[in-house]
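To keep things clear, I will list the structure first and then write my remarks on it.
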Amino acid sequence: MGGRGRAGVGALRVAAAAAALATVGCGDKLDPRARATCEQAATRYEACIKELLGPELAAQASAKRDIGACARDARTVAMYETCLPAKSCDELMACMMGEAEKGP
């Protein structure tokens, strides 16, 4: 279970990073570059969830989107800047898990 349990922890960390897209923030001035990165990441993440897990889970991810929370979290922005160049959804998710496993 060691490898599988570790993957589960990584998946939880990826979910936590994605949850940064889910917290509503009002009225904050956001760094335009961070906002653009988070918008691109949200669109790509939702497309990958649809591709890998189906439209129902993609709709749930979309409903939880919050660009402001993502853009205010420098670590999340850095993770997306590192992982967005991935060519496939599998590569994107693996990158996000790897970044999340690095911890704070």
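The values are calculated or read from the model by the stated rules, or taken from the named source; none is laboratory data. If you're wondering where the values come from, they're calculated on a predicted model, not measured in any experiment.
Figures for the structure shown
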{"quantity": "Matching residues in the range 1-22 - criterion: being within 20 Å of GLU81 (Cα to Cα) and either in a loop (DSSP other than H, G, I, E, B) or at pLDDT 95 or above (or both)", "calculated": "ALA20, LEU21, ALA22"}
{"quantity": "Residue within the range 67-80 that is farther than 19 Å from ARG33 by Cα and hydroxyl-bearing (Ser, Thr, Tyr) present", "calculated": "no"}
